[in-house]
Amino acid sequence: MEEEEAAGGKTKQFPGAGGMGLGGGAAGAGVDPERCRFPYCVVWTPIPVLTWLFPIIGHMGICTSAGIIRDFAGPYYVSEDNMAFGKPVKYWKLDPNKVYSCGPNPWDTAVHDASEEYKHRMHNLCCDNCHSHVALALNLMRYDNSSSWNMIKLCFLSLLHSKYISIGGFVKTWLPFTLFLGIVLTVILTLHLR
């Protein structure tokens, strides 16, 4: 598909982008953290205590083409625009041109179908969780011509490709772990120096 340059800039335009680049003002125009809109994105937020100890582990959701967040928040419950552990601190912008499934609006259809499936599933922290919900949506839409998305792959790709929404999001993710690590090192050094 042909990409056009935005007026006055070099932002890539995709169909349905409302003629505005990322961060534009129109609905569906792009990432808008203030309104909590992340079209075509995977979003992530820390889980208290768990992320403090393992900062790469957190809660994940997937957004519709309009930027509405869907996340598997607990047993038999997929929330809409109300993530289980607070607003996203990171997002990973995906390319809707890499969707290989057919039909009208395949991105939103896949997000909807994955959400409907997970409304009938028990949440399991280790095996069937929010990452699995996002993976199912990506598999249904055959994102990047793949049907092998899983929670491990998503965890690491999200770690590599995600952008923090703000410095506050970075601090919220890494400060508790840094403090915990500092306390552990202080205790270890204190005990060894005696």
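The values are calculated or read from the model by the stated rules, or taken from the named source; none is laboratory data. Given the structure is predicted, the values throughout are model-derived calculations rather than measurements. Positions of Cβ are backbone-derived with ideal geometry, glycine not excepted, and every protein chain shown enters the neighbour counts. Just so you know, the surface numbers come from the protein's heavy atoms only, side chains and all, with ligands and any DNA or RNA stripped out. Shrake-Rupley method; radii C 1.70, N 1.55, O 1.52, S 1.80 Å.
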query = Where does the chain land at 222 nm, in deg cm²/dmol rounded to the nearest 500, when only DSSP H runs of n ≥ 4 count, each adding -39500 (n - 2.57), divided by all residues?
reply = -10500 deg cm²/dmol
query = How much of the accessible area of the chain, probe 1.4 Å, is carbon plus sulfur, in whole percent?
reply = 62
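Per residue, what accessible area does region 127-171 have, given a 1.4 Å probe and all protein chains present, in Å²?
Counting only protein heavy atoms, the per-residue value for region 127-171 is 50 Å².
Within region 90-133, list the trypsin sites (Lys or Arg not before Pro) lying in a DSSP loop whose Cβ has at most 14 other Cβ atoms in a 10 Å radius.
LYS119
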Pairwise Cα inverse-distance average, inverted: Kirkwood Rh of region 64-143 (Å) = 13.0
query = Could you give the Stokes-Einstein D for region 132-193 in µm² per second, using the C-alpha Kirkwood radius, 37 °C, 0.692 mPa s?
reply = 224
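Please give the per residue accessible area of region 73-121, computed with a probe of 1.4 Å over protein heavy atoms only, in Å². Numbers along the way, then the final one.
Working: 2630 Å² over 49 residues.
Computed with neighbouring chains in place, this is 54 Å² per residue.
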message = Of the listed values [x] 16.1, 53; [y] 18.5, 70; [z] 19.9, 67, identify the label whose number matches Rg and Dmax of the Cα atoms in Å calculated from this model.
response = [y]
inquiry  = For VAL99, what residues show an amide H to amide H distance below 5 Å, using hydrogens built from the backbone and excluding near sequence neighbours?
reply    = ASP144
query = Once phi is turned into θ = phi - 60°, what whole-Hz ³J(HN,Hα) does the Karplus curve with 6.51, -1.76 and 1.60 give for every residue of region 68-74, x standing for Gly and Pro?
reply = 6, 7, 10, 9, 6, 9, x
message = Taking a ≥ b ≥ c as the square roots of the Cα gyration tensor eigenvalues, with a/c under 1.5 meaning rounded and otherwise prolate when a/b beats b/c, else oblate, which class fits region 115-166?
response = oblate
